[in-house]
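These notes are about the structure you will find just below.
The values are calculated or read from the model by the stated rules, or taken from the named source; none is laboratory data. Predicted, not measured: the structure shown is a model, and the values here were computed from it. Positions of Cβ are generated from backbone atoms using ideal geometry, with glycine treated the same way; all protein chains shown enter the neighbour counts.
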Amino acid sequence: MKKFLIFAIVTALIAPAAFANGGSDNGSGETTIAFCFQDLETEFWVAGHSAITETLAAQGIKVIEKNANEDANRQLEQVKDVIVQGVDGVIIIPQDGESAVTIAKECNSAGVPIGVFNRPPADKSADALVVVANNEAIAEQAVEYIAQEAMKLGRKVTPAIMVGDLGDPNAVGRRKGFYNVIDKYPDLWTGAPIEIPTKWDSNTALANLQSAMQANPDIDFLFTSSDFLYPVIKSVLAPLGKWQKIGDPGHILLAGLDGDKTACGLQKDGYVDATGVQDVFTEAQMLLDAMLAAIEKGEGTPNEWLYDDGFALTQANMGEREMDMWGCKLLAGK
């Protein structure tokens with residue numbers, strides 16, 4: 001039910017793109033694109049899925065959907081199958097960076113253009129259209145804000161980071177952005193940051209955050225590499241009396257990255273200080289424009305990396321930039 005509601009809201013948000021040609025046959029329905037995704041476990045992937053499928057369908061382009069259920073080998077086989085079916089292009093949300101390279105090379109061999117959405121290949125050895133958020137820069141902006149807030153406390157703070165799956169280049173970039181700020185202000189911290197592995201899994205995150213808070217009850221500066229972990233964070237901090245609003249002496253400085261609906265609500269309610277935002281709608285449009293242009297030109301191995309610079313939504317700029325965050329748009333139903 002939750003995913004259905006998100007689909008409905010996102011569909012209402014998307015104005016169909018005015019593509020110049022609409023594919024190899026001007027949108028008559030003969031152009032077929034396969035959309036192979038690893039799963040739809042977060043609001044960001046659900047919103048991205050809707051942005052891509054609804055916009056393509058609005059142009060009369062047939063979409064073949066394949067869900068690999070977080071199995072990289074299964075996704076590779078699904079891509080091989082759709083290539084055999086004769087699709088005009090393939091868009092993937094890969095399980096990880098390494099599998100993205102393998103799948104892209106499979107498409108290169110077949111002369112089928114491939115687009116990679118938001119989870120980039122581990123290297124550039126294969127040709128692909130890749131759209132990705134500048135995770136390092138976006139994370140750094142969000143963490144910089146809470147570092148500035150920490151300075152106002154007039155004391156040192158104990159930093160921690162909930163680290164994503166480091167097989168995912170997104171997680172690597174977000175961790176690097178966090179450490180850019182840590183290294184910038186060496187005198188602000190009580191010691192080295194506490195790393196809390198999550199593997200992009202709620203249960204793993206829960207167990208490791210509980211252990212971290214037990215071993216380090218003085219943690220008061222926390223960056224989550226993905227907003228989808230906020231329910232986990234609340235479930236751990238609340239029983240400890242540490243889930244407090246901004247301004248309360250027990251408030252833990254909190255920042256995350258993605259820009260989902262949950263983060264928006266928590267920021268509006270005063271629990272979250274800053275959110276690094278990647279623009280799911282802009283990213284989807286960038287990839288679709290590039291993919292359809294390649295199909296129209298008959299390019300079998302287009303190669304281009306497209307970047308979403310993103311921004312940080314903070315308590316300081318909420319009034320000005322709240323509706324620039326996709327999760328806030330979903331929350332408002334606009």
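The table below gives the values:
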quantity	calculated
Check on VAL132, among the hydrophobic types (A, V, I, L, M, F, W, C), at pLDDT 95 or above and crowded, with 18+ Cβ neighbours inside 10 Å	no
Residue selected from the stretch 103-120 under the condition touching a Pro at 6+ places or on another chain (Cβ under 9 Å) and modelled with pLDDT of 95 or more, by the criterion nearest to ALA171 (Cα to Cα)	VAL116
When residues of the stretch 179-201 are limited to those that are assigned to a loop (DSSP other than H, G, I, E, B) and of a type in the set (Val, Ile, Thr), the one surrounded by the most Cβ atoms within 10 Å (Cβ to Cβ)	THR198
Residue in the stretch 95-105 that is over 22 Å from TRP200 (Cβ atoms) and without any contact (Cβ under 8 Å) to a residue 40 or more places away in the chain present	yes
Index of the failed condition, ASN170 passing every other in (1) assigned to a strand (DSSP E or B); (2) at pLDDT below 95	(1)
Residue within the stretch 159-174 that is of a type in the set (D, E, K, R) and closer than 30 Å to LYS80 by Cβ present	yes
Residues within the stretch 183-207 that are in contact (Cβ under 8 Å) with a residue 24 or more places away in the chain and either among the hydroxyl-bearing types (Ser, Thr, Tyr) or in contact with a strand residue (DSSP E or B) (Cβ under 8 Å, 6 or more places away or on another chain) (or both), tallied	12
Positions within the stretch 242-258 being at pLDDT below 95 and touching a Phe, Trp or Tyr at 6+ places or on another chain (Cβ under 7 Å), in sequence order	ASP258
In the stretch 259-315, residue nearest to the chain's Cα centre (by Cα) [restricted to those that are among the hydroxyl-bearing types (Ser, Thr, Tyr), under 20 Å from GLN244 (Cα atoms) and outside any loop (DSSP other than H, G, I, E, B)]	THR275
ALA57 closer than 26 Å to GLY300 by Cβ, hydrophobic (A, V, I, L, M, F, W, C) and in a helix (DSSP H, G or I)	yes
Residue match in the stretch 222-241 (condition: of a type in the set (A, V, I, L, M), farther than 26 Å from LEU166 by Cβ and modelled with pLDDT under 95)	no
Subset of the stretch 219-258 [in contact with a Ser or Thr (Cβ under 8 Å, 6 or more places away or on another chain) and part of a loop (DSSP other than H, G, I, E, B)]	ILE219, ASP220, SER225, SER226
Any chance ILE64 is outside any helix (DSSP H, G or I), under 22 Å from the mean Cα position of the chain (by Cα) and at pLDDT 95 or above	no
Residue in the stretch 164-178 that is among the β-branched types (Val, Ile, Thr) and buried (at least 23 other Cβ atoms within 10 Å of the Cβ) present	no
